[in-house]
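Here's the structure we're looking at; comments come further down.
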Amino acid sequence: MNPAGPPLREVLEQLLAAERSLCGTATAAAVDALRATLRAALDAAPDDPGAPAGARLLAGLDALRGAPAADGAWPRLRPGSPERPAAAGLAEPAAELAKSAAVEDYAPGAVPPSAAGPDDEDRLRRWYHLTLLRLPERHAAPFRRRAAQLDPPPPGRWHELPGRYDEELLPPAPEGRAGLRTRRTPGGAGLRELSRIALRIGEFDASLCHLLEGLWTGGSALLCDPDVRDAYAAELDRRLDAVDRTADATPERVRALVRAAEAVCSVVHLPPAPPTSWWYRYAEDATGIVLDAARTAHAAGHDVEVFLPAGPYREARRHTQTDDVRLTAGGRPGDTLACLRLWLRAGDQVFPGRVVYRGTE
């Protein structure tokens, strides 16, 4: 008989410690998603017959990702492996951020990367600043101020993209990686400019995915996967090009903009970022472009109406169909968490919206 392969725990540890590995990134995202789902299930049904086993599995997954574990949980490193030093600068605020109620509420499963090699400091820096983009501004601002004091952006290269504001989204690494910032575009950035920002962030953010109907089939669609990102970018470009082929102030243009904005707004985290966060404002900028175009078309005499499904899902679903995305985490049960597609009526034609919502069961 062939000897059994290595224990699953050992394989997971190796993948999570792999540097610059797409397989490692995908494994980390899958582990974090499972942790968030298990935690939500245990909170919702503590008397579930599977709760004891689920709690043990959750403790083991937490230990794999470097969180404090109870007695008997899986060790994060194999016995005998030396504990690796924590990254400098942001290590302390990052640990506090990971344990904060804001991360638990709005970015469940987000934990600092384990120290695993020479790129530790920059991996931690990326995690820290990208997590802050997912939090309400009142929670993110104090951590941003601490980062400015403890880890000021070094002189370095910046990848600049046109946007609606002057913002530094991700500081550069002391050596190597360029930072990411946006520069305000006179007249405001359009959907094409906004989409490029999300695609660039998707190269670094292991938790960012898309839910674009027609490409997304119910599984994970992480934008850090180059194949996923390329397929998404191709569909995005098709929709943006369709906008360019329409005339201003027409129902056809509004319809094309709804479809293009759907592609932009379908780039989300699970759960989606809450109000006042950077990502929420990003989606608001995209839908605002469509709403402005609809007002222009209406002023030109066209019978056009656009509506943003929001609020309690029992109300939002009046303007959606059966392709809404149901989650078991984020917000409160029954909340609409994000609008992926606006509802549109152009004359007698109605095009339903699409949302992400928190289930009630």
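With Cα atoms as the point set, the radius of gyration and Dmax of segment 134-254 evaluate to 17.1, 52 Å.
Between Arg332 and Leu8, the distance separating the two model label sites (each 7 Å from Cα on the Cα→Cβ line) works out to 3.7 nm. The HN-Hα couplings worked out from phi for segment 206-223 by the Karplus form 6.51 cos²θ - 1.76 cosθ + 1.60 (θ = phi - 60°) are 6, 9, 7, 9, 10, 10, 5, 4, x, 9, 7, 10, x, x, 7, 9, 6, 6 Hz, whole numbers, x standing for Gly and Pro.
Extension gain, Glu92 to Gln149, is 19.2 nm, computed as 0.36 nm per intervening residue step minus the present C-alpha separation.
The orientation-averaged projected area of the convex hull spanned by the Cα atoms of segment 215-296 comes to 6.0 nm². Can you work out the PRE-style zone for Glu252? Point 7 Å along Cα to Cβ, and I want the residues of segment 199-237 with backbone N under 20 Å. Inside the label zone: 237.
Summarising the label geometry, the points placed 7 Å from Cα in the beta-carbon direction at Arg314 and Glu235 lie 3.2 nm from one another.
Straightening the chain between Arg345 and Tyr165 buys 61.7 nm, computed as 0.36 nm per residue apart minus the Cα-Cα spacing. The modelled label-to-label distance for the pair Arg56/Glu305, using points 7 Å beyond Cα in the direction of Cβ, is 5.7 nm. Subtracting the Cα-Cα distance of Asp244 and Trp158 from their residue separation scaled by 0.36 nm leaves 28.0 nm. Name the residue farthest towards the positive end of the dipole of segment 245-361 from the options Cys265, Ala247, Val306, assuming +1 on Cβ of Lys and Arg, -1 on Cβ of Asp and Glu, about the Cα centre. Farthest towards the positive pole: Cys265.
Every number here is computed from the coordinates shown, using simple stated rules; none is lab data. Model, not experiment: these values are computed from the prediction. Note that each Cβ is placed from the backbone with ideal geometry, even for glycine, and that neighbours are counted across all protein chains shown.
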